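Single-structure report; data block below.
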Amino acid sequence: MIFLFGPLYSGKKVVAMELLGCDAAELERRAVWDVQDLGAKSGDLPALAEELAKYDVVIATEVGSGVVPVSLEERAAREAAGRLNCLLAQRADAVARVFCGIPMVIKGRLP
């Protein structure tokens, strides 16, 4: 599994399609994105990470680099997203941060 993360609208899906050599329709079958939202709703992050790791590519939008929210619920959602990202990175063969459409490898090698 390849784990891609980065800011909103940074080109993560385009990079995923390039890495997989596929179009948008095939990407829908082989990848999952916006997993930070799933993490916020999950009561079992390790089980969610195991399920997500079955995809070829998992994509998350960074949510923890901005202003800390006042709302307790929003802070808890960010915490869950960050913990899910850590679990996904542990399970991934390759991890890359995508910024301006450029993947920067943090772990492993991209195909």
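The values are calculated or read from the model by the stated rules, or taken from the named source; none is laboratory data. Treat the numbers as computed from the prediction; the structure is a model and nothing was measured. Reconstructed Cβ throughout: ideal geometry from the backbone, glycine too, with neighbour counts over all protein chains shown. Each accessible area value is taken on the protein alone, full model and side chains, heavy atoms only, with ligands, DNA and RNA left out. Shrake-Rupley method; radii C 1.70, N 1.55, O 1.52, S 1.80 Å.
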Among [x] 36, 25, 23; [y] 41, 29, 26; [z] 58, 27, 20, which one is Cα extents along the principal axes in Å computed from these coordinates?
[y]
Segment 61-111 -> Rg/Rh from Cα coords, Kirkwood Rh, value 1.06
Hits in segment 83-111: amide N under 18 Å from the 7 Å Cα→Cβ extension of residue 14, namely 96-105
Please compute the per residue accessible area over the chain with all protein chains in place, 1.4 Å probe, rounded to a whole number of Å².
58 Å²
Relative contact order for the chain, counting Cα pairs under 8 Å that sit 6 or more residues apart, in percent
42 percent
Counting only protein heavy atoms and a 1.4 Å probe, tell me what percentage of the chain's accessible area is made up of carbon and sulfur.
56 percent
